[in-house]
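Participant: So that we are looking at the same thing, I have put the structure below in structure tokens.
The values are calculated or read from the model by the stated rules, or taken from the named source; none is laboratory data. Fair warning: this is a prediction, and the values are worked out from it, not measured in the lab. Backbone-built Cβ (ideal geometry, glycine too); neighbour counts: all protein chains shown. Areas reflect the complete protein model, heavy atoms only, side chains present, ligands, DNA and RNA absent. Shrake-Rupley method; radii C 1.70, N 1.55, O 1.52, S 1.80 Å.
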Amino acid sequence: MIAIYKREVKSFFHSFIGWLFLAATLLLMGIYFTVYNMLCGYPNISYVLQSVIFLFMITIPILTMRILAEERKQKTDQLILTAPISVGKIVLGKYLALLTVFAIPVVVIGITPMILSFFGTFQMGVSYTALLGFFLYGCMALAVGMFLSSLTESIVIAAVLTFVALFLGYLMSGLCSIISSTGNLLTKCLSAFDMMGRFDDMTSGSFSVPAVVYYITFTLFLLFCTTQSIQKRRYSVSSGGFKIGAYSTGMIAVAAALTIVVNLVVGQLPADIMAIDVTSNKLFTLTDETKELVPDITEDITIYVYANESQKDANLDKTIQKIKDLSDHITVTYVDPSINPKFYTNYTDTAPSSNSLIVVGPKRSRVVDYNDIYAYEMDYSTYQYQITGYDGEGQITSALAYVTTEDMPKIYVITGHNELELENQFTKAIQKENIEYEELSLLTVEEIPEDAQAIIIDAPTNDFSENDVNKVISYLEKGGNALIIPTWTEEKLINFEKILAFYDVSLVDGMVAEGDSSMYYSTPFYLFPQICYDEITTKVSDTAVFAPYAQGLSYSDETEGVYYTPLLQTSSQSYSKTDLETATEYDKSEGDIDGPFVIALKAEKAIGSDTVSNAVIIATENLFTENADSIVPGNNVKLFSSVISSMTEQESTVSIPVKYYDTSILAFSTRASFIIGVLSILVIPIGCLVIGFVIWFNRRKK
């Protein structure tokens with residue numbers, strides 16, 4: 001076998017074919033590597049491999065067409081077939097030679113993650129998992145080409161058949177969708193030839209065990225078929241030719257059945273085993289909150305996925321299956337909109353997007369729109385929305401908690417004083433906490449409803465009436481809770497400030513500017529405040545929140561009956577600018593007030609012997625806005641969720657924050673970009689062509 005292996009390797013590199021394969025593969029890799037990783041700064045090589053893989057349909061047929069067909073045509077195969085070596089070893093030796101040639105560009109691209117890691121945070125797990133998928137795809141493609149080459153003595157026919165087979169494997173997923181949008185027995189059989197779908201599983205951030213098993217088993221099966229093809233021809237002259245032919249066909253049938261059974265068994269493994277999360281921030285790994293909540297579910301719940309199963313979102317499906325595996329009470333059903341377009345009307349009036357979820361329990365149901373599964377952010381260089389995070393687990397877990405919870409807490413958002421309206425991400429955060437909320441105009445009620453677990457007063461710019469203030473204070477005196485967000489106004493809101501005075505808190509005059517350059521962004525008013533320790537700030541304690549245009553809060557720790565806990569605080573170098581209307585610069589000037597300042601505060605006021613009113617006071621209306629949250633993706637929303645949860649005494653375990661992608665961009669110097677680009681696109685591919693041409697020319701002269 002070793003002799004055959006060496007002979008084949010030499011034949012590839014003593015001819016032009018091996019060098020041409022290397023040059024073409026490395027050139028295309030170099031082009032996409034330069035575009036995606038160097039120019040766009042993507043921190044993994046998945047996009048490169050996905051873009052290059054179509055080249056297999058051209059290069060693999062050229063590489064494999066001669067491996068057996070030409071020897072059969074030249075009758076040189078008789079020398080090998082009569083040699084004292086098994087057919088299996090002949091096939092293995094030739095296949096390993098093909099694999100050696102293919103492995104060279106794989107090794108070259110495998111070095112790039114280590115190089116790119118010097119230019120920023122690189123996703124090693126995602127990159128090398130994708131590279132493994134690329135390698136296994138190539139292994140199977142080589143086995144396809146080798147088998148088809150064994151069936152004919154024409155290298156042209158072998159190349160064409162290999163191209164057709166690889167082309168169908170590349171497009172099989174789309175072909176199945178064309179044949180039947182709902183799926184049938186034919187599409188299930190054809191899906192066994194879907195080579196690209198398995199590769200996509202390996203590039204999506206998960207190590208797909210079924211994909212690895214698929215490539216390995218089908219590669220072995222094709223090599224076995226190649227062996228049987230040669231074996232049949234080796235003994236075709238014998239008197240027992242018919243029996244040997246039947247034996248060969250029977251063995252292939254057994255091998256095929258074994259291959260199918262192995263893949264079916266692997267497909268039944270638990271989702272946690274089938275898809276291993278390799279992302280740096282564990283996007284697709286279930287958190288402890290979900291693992292604690294779901295196994296305790298005792299009621300039957302159905303998760304309807306509003307989509308054709310053949311068009312499902314792979315990431316979402318993995319998450320659903322992992323959650324399903326935690327409880328026998330959860331059932332997952334796909335509902336095809338084209339067959340049952342009005343199914344959603346049983347649960348909502350608005351048609352959900354494809355791949356949306358409808359979670360139905362015995363008490364209530366919730367629709368999780370597919371648009372809420374991912375977090376989006378505007379890319380102002382292209383003016384298109386980019387996916388920045390994944391919230392599949394958070395949305396599903398929240399929905400499961402919602403449909404199984406007995407009583408839902410309720411908060412009221414006070415209106416009527418030109419308050420700031422809560423934006424979409426923050427209303428969704430309230431819903432995700434499984435809290436009901438309702439707008440409340442104080443003009444229309446005698447008092448704040450008794451079912452109010454908390455109220456939100458968000459940045460009023462018109463003053464409260466005396467009557468409105470009395471209603472709020474009356475609610476607080478009964479042990480009510482409040483999120484109070486004052487805002488800077490030219491005229492003081494005297495009555496509104498009475499609500500703050502209930503907790504003996506007042507606003508510092510002016511706007512806080514930060515003197516420590518490490519604690520602001522762009523301008524001193526764009527604060528990255530220090531996050532103080534508290535249960536409310538636990539989820540953001542290791543990160544940062546963005547709090548532009550804040551005021552300071554003044555209070556005294558000696559106030560009787562009120563306990564204060566700072567949540568956000570500026571540095572000792574900060575100051576409050578009091579001359580905002582006339583100031584022309586950011587620097588501290590005469591009359592400004594020295595810091596540090598608390599800009600977010602928790603106040604707990606004892607009322608009587610057994611009643612406590614809790615308030616969170618945040619002196620910047622911009623903290624809980626989508627623009628501010630986009631600067632520190634998700635952190636401001638996390639803080640908002642914790643505040644709401646603390647006031648309603650909700651278990652925070654049912655609210656899982658959005659898991660944001662690692663969006664760090666690789667940064668290259670001009671010199672590094674030029675050197676790496678020239679090497680990958682010009683020097684290495686052209687070098688392979690020159691070496692191959694010189695070897696071919698010298699051999700031709702001889």
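Participant: Between S154 and E604, what is the label-to-label distance in nm when each label sits 7 Å out along the Cα-to-Cβ direction?
Facilitator: About 8.6 nm separates the two model spin labels.
Participant: Express in whole angstrom the spacing between the alpha-carbon centres of region 252-267 and region 538-590.
Facilitator: Rounded to whole Å, the Cα centres lie 67 Å apart.
Participant: Related question: At 0.36 nm per residue, minus the direct Cα-Cα distance, what do K73 and I2 gain on full extension? Give it in nm, one decimal, please.
Facilitator: Between K73 and I2, full extension yields an extra 23.2 nm.
Participant: Moving on. Taking the DSSP beta bridges in the chain as the whole, what percent of them are antiparallel, to the nearest 5?
Facilitator: Antiparallel: roughly 70 percent of the beta bridges in the chain.
Participant: A further question follows. How large is Rg/Rh for the chain, to two decimals, with Cα atoms and a Kirkwood Rh?
Facilitator: Reported Rg/Rh, Kirkwood definition of Rh: 1.10.
Participant: A further question follows. To the nearest 10 square angstrom, what accessible area does K498 show with a 1.4 Å probe?
Facilitator: 80
Participant: What part of the accessible area of the chain, given as a whole %, is carbon or sulfur when the probe is 1.4 angstrom?
Facilitator: 58
Participant: Same structure again: Among the lysines, which fall within straight-line cross-link reach of K6, defined as a Cα-Cα distance under 26 Å, with same-chain neighbours fewer than 8 residues apart omitted?
Facilitator: Of all the lysines, those that pass the test against K6 - Cα under 26 Å, at least 8 places apart if same chain - are K73, K75, K89, K94, K232, K701, K702.
Participant: Report the normalised scattering of region 383-426 as log10 I(q)/I(0) at q = 0.15, 0.32 Å⁻¹, calculated by the Debye formula with identical scatterers on the alpha carbons.
Facilitator: So the normalised log intensities are -0.72, -1.16.
Participant: Of the trypsin sites (Lys or Arg not before Pro) in region 352-453, which ones lie in a loop per DSSP and count no more than 16 other C-beta atoms within 10 Å? Present the calculation step by step, with values, prior to reporting the outcome.
Facilitator: Values: sites: K363, R364, R366, K410, K428, K432; in loops: K363, R364.
Counting only loop positions with at most 16 other Cβ atoms within 10 Å, the trypsin sites (Lys or Arg not before Pro) in region 352-453 are K363, R364.
Participant: Rounded to the nearest 20 Debye, what is the dipole magnitude of the chain about its Cα centre when Lys and Arg each give +1 and Asp and Glu each give -1 at the C-beta?
Facilitator: 8300
Participant: What share of the DSSP beta bridges in region 301-445 is antiparallel, in percent to the nearest 5?
Facilitator: On the way: 15 of 26 bridges.
The answer is about 60 percent antiparallel.
Participant: In debye to the nearest 20, how big a dipole does region 410-515 give about its Cα centre with +1 on each Lys and Arg Cβ and -1 on each Asp and Glu Cβ?
Facilitator: 240
Participant: Same structure, new question: For K539, give me every one of the lysines with a C-alpha distance below 27 angstrom, ignoring sequence neighbours fewer than eight places off in its own chain.
Facilitator: K282, K291, K318, K322, K324, K410, K428, K432, K602, K605, K638, K659
Participant: Given axes a ≥ b ≥ c from the Cα gyration tensor, I'd like to know whether region 450-536 is rounded (a/c under 1.5), prolate (a/b larger than b/c) or oblate.
Facilitator: It is oblate, given that a/c is not under 1.5 and a/b is not larger than b/c.
Participant: Now a separate question. Which residue, chosen from C189, I67, L689, occupies the Cα position most advanced towards the positive end of the dipole of the chain, where the dipole is computed from +1 (Lys, Arg) and -1 (Asp, Glu) charges on Cβ about the Cα centre?
Facilitator: Most positive-ward Cα: I67.
Participant: Continuing with the same structure: To the nearest 500 deg cm²/dmol, what mean residue ellipticity at 222 nm is calculated for the chain from DSSP H runs of n ≥ 4 alone, each contributing -39,500 (n - 2.57), summed and divided by the residues?
Facilitator: Using -39500 (n - 2.57) per qualifying helix, the result is -14000 deg cm²/dmol.
Participant: Let me ask something else. Between the helical axis of 392-404 and the dominant principal axis of the chain, each derived from Cα atoms, what acute angle in degrees is found, rounded to the nearest 10?
Facilitator: 60
Participant: For A375, what residues show an amide H to amide H distance below 5 Å, using hydrogens built from the backbone and excluding near sequence neighbours?
Facilitator: T388, G389, Y390, D391
Participant: Would you be so kind as to identify which of V658, L679, S310 lies farthest towards the positive end of the dipole of the chain, taking Lys and Arg as +1 and Asp and Glu as -1 on Cβ and the Cα centre as origin?
Facilitator: Positive-most Cα among the choices belongs to L679.
Participant: Using the Cα centre of region 498-623 as the reference point, and only Cβ charges (+1 on K/R, -1 on D/E), how large is the resulting charge dipole? Debye, rounded to the nearest 20.
Facilitator: 360
Participant: Relative to the first principal axis of the alpha-carbon coordinates of the chain, what is the inclination of helix 16-33, with its axis defined by its Cα atoms, in degrees from 0 to 90 and to the nearest 10?
Facilitator: It works out to around 10 degrees.
Participant: For the chain, take the longest principal axis of its alpha carbons; what is the angle in degrees between that and the long axis of helix 124-149, to the nearest 10 within 0 to 90?
Facilitator: It works out to around 30 degrees.
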